[in-house]
Amino acid sequence: MLLGFSTLALLVCFSCCWLLVLGEGETASCSNIVALGHRTDNISITEFGGVGDGRTLNTKAFREAIYRVQHLPREGGTLLYVPPGVYLTEPFNLTSHMTLYLAAGAVIMATQDSLNWPLIAPLPSYGRGRERPGGRYMSFIHGDGVQDVVITGENGTIDGQGDAWWNKWRQGTLQFTRPNLVEFVNSRDIIISNVIFKNSPFWNIHPVYSSNVVVRYVTILAPRDSPNTDGIDPDSSSNVCIEDSYISTGDDLVAVKSGWDEYGIAYGRPSSDITIRRITGSSPFAGIAIGSETSGGVENVLAEHINLYNMGIGIHIKTNTGRGGFIKNITMSHVYMEEARKGIRISGDVGDHPDDKFDVNALPLVKGVTIKNVWGMKVLQAGLIQGLRNSPFTDICLYDINLHGVTGPRTPPWKCSDVSGFAHQVSPWPCSELSSNQQGSCANYS
């Protein structure tokens, strides 16, 4: 069940206030990686025939407005204003140097008619659609090869009306992979802020092969039982900033990815330099995840000041035989979780394969993972760390972690195999594989 908006507001307020107590001076932010310029030109969707009655199809209006932005460019770019109302539309493409601005009370709503939904080629780092062989449905709001694009406003809503797609998935009638709600491909200098995203058919926000991306002050909502409705999935992307947001969905809140098995290995584009900060949320799956599609590699990820409630797993780093790639220099700190099946999981046996052509000898490298300052309440199992026999996970460094269980019978607090590292002030005490006697190489990550 989704939390009510009053509860949501309290949780976001708690998250921000908790940070201010912990820190001194100004709140840390990575959002300056993309400069927010002033648009000199302003147009409204109503000038192109847009009608916000929830019934009129506005595809033509959105496409004509964006055609105007693209073909009659103005110095400084153009702001496309969406006034209050419900604007039903088919998918549409954004263009460079534009701002899509949703007023308070504005809803851009996806049609549920999949017959006219465009199909596009699979991502080369995946080799096929993530769910089905062949192509995939284009995201509801799409940007390919664009730069200097902003999606923002006064907390207006982008609604994917995903229940029809979820039912197709449940019934096994999908012909192609479901559409994401918002996707940017081969793009740069992107800002997404002050918008509510709800009921995505598949992943919500998916920057892929992109750089300099900021996502902050967003709310992402989907029912707890909605399949694969990940919140934000940076994928083979660099310089990504995710901050100050509330996410409650049916899958991982944030998942960093970089391609799938042999296709991701061949494409070879890692995700790197990603900051995730001040996220509050709830999910039956993971709060902060790496993977499981990590074949291009994932490095230099910082996640801090995270508040998680009613979770499957608090922190989940996941990969598999056949993935190849690497996961290294990952830091997660100041994480609070309440009611979780597992607090921390780092596993080498998670995720499916695109086909039977993956290389069983393509083993992932997992090295240099630091998790510190974690506090959990009502956590059924503290941790599960399972490396691979022929590629053990190394330099797994745990500091100042308290994961309190529930009353009554409990599974063993930690389970570990094929892993080495260091633990300091961890409760319940972790596995013997994480030596408490010598910090060793973990001193480089603390």
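Checked against a 19 Å cut-off, the cross-linked pairs Lys318/Lys357; Lys257/Lys367; Lys318/Lys367; Lys328/Lys372 give Cα-Cα distances beyond that limit for Lys318/Lys357. Among the chymotrypsin sites (Phe, Trp or Tyr not before Pro) in the range 359-446, none sits in a DSSP loop with a Cβ that has at most 10 other Cβ atoms within 10 Å. Here Rg/Rh (Cα atoms, Kirkwood Rh) was computed from the coordinates, and among (i) 1.18; (ii) 0.97; (iii) 1.04 the match is (ii). Relative to the dominant Cα principal axis of the chain, helix 5-22 is inclined by about 50°. Taking the C-alpha atoms only, the angle from helix 59-71 to the longest principal axis of the chain is near 90 degrees.
Pairs of Cα atoms nearer than 8 Å and 6+ residues apart set the relative contact order; for the chain it is 9 percent. Solvent-accessible surface (1.4 Å probe) assigned to Ile120 amounts to roughly 40 Å². What number comes out for accessible area per residue over the range 240-311 if the probe is 1.4 Å? Units Å², please. Per-residue value: 18 Å². Per-residue surface analysis assigns Val51 an accessible area of about 60 Å², computed on protein heavy atoms at 1.4 Å probe radius. Here's how it looks for Ile317: its modeled amide H is under 5 Å from those of Ile290, Arg345, Ile346, Ser347, which are all 5 or more places away or on a different chain.
Using the Cβ-Cβ distance between Ala103 and Trp375 with R0 = 41 Å, the FRET efficiency computed as 1/(1 + (r/R0)^6) comes to roughly 0.55.
In whole percent, how big is the carbon plus sulfur part of the accessible area of the chain, probe 1.4 Å, protein atoms only? Ligands and nucleic acids excluded, carbon and sulfur give 51 percent.
Taking all protein chains as shown and a probe of 1.4 angstrom, Asp349 keeps an accessible surface of around 90 Å².
Loop-located trypsin sites (Lys or Arg not before Pro) in the range 335-423 (DSSP state not H, G, I, E or B) with no more than 15 neighbouring Cβ atoms inside 10 Å: Lys357, Arg389, Arg410.
Note on surface exposure: Tyr336, Tyr267 rank Tyr267, Tyr336 by accessible area, highest first, 1.4 Å probe. Build a GNM of the chain with springs between Cα atoms under 10 Å apart, and of Asn310, Asn361, Asn373 the one that fluctuates most is Asn361.
Sequence-distant contacts, meaning Cα pairs under 8 Å at least 6 residues apart, place the relative contact order of the range 191-307 at 24 percent. For the pair Leu302 and Lys60, the difference between a 0.36 nm per residue extended length and the Cα-Cα distance amounts to 82.9 nm. Relative intensity of the range 93-178 on a log10 scale, I(q)/I(0) at q = 0.19, 0.24 Å⁻¹, equals -1.00, -1.19, per a Debye sum over C-alpha point scatterers of equal strength in the absence of solvent.
Placing +1 on each Lys and Arg Cβ and -1 on each Asp and Glu Cβ, with no other charges, gives the chain a dipole about its Cα centre of roughly 600 debye.
Projecting the Cα atoms of Leu36, Val69, Gln171 onto the charge dipole of the chain (Cβ charges, centred on the Cα centre) puts Gln171 farthest toward the positive pole. Within the chain, DSSP assigns beta bridges of which about 5% are antiparallel (rounded to the nearest 5). Could you tell me which residue out of Thr27, Ala104, His334 lies farthest along the dipole of the chain toward its positive end? Charges go on the beta carbon: Lys and Arg +1, Asp and Glu -1, centred on the Cα centre. The Cα lying farthest towards the positive end belongs to His334. The slack between Asp356 and Ala35, meaning 0.36 nm per residue of separation minus the straight C-alpha distance, is 111.1 nm.
Could you order Leu388, Leu119 so the one with the most accessible surface comes first? Probe is 1.4 Å.
Leu119, Leu388
The values are calculated or read from the model by the stated rules, or taken from the named source; none is laboratory data. Here the structure is a predicted model, which is why all the values come from computation and not from measurement. Glycine also receives a Cβ, built like all others from the backbone with ideal geometry; neighbour counts cover every protein chain displayed. For accessibility, only protein heavy atoms count, side chains too; no ligands or nucleic acids. Shrake-Rupley method; radii C 1.70, N 1.55, O 1.52, S 1.80 Å.
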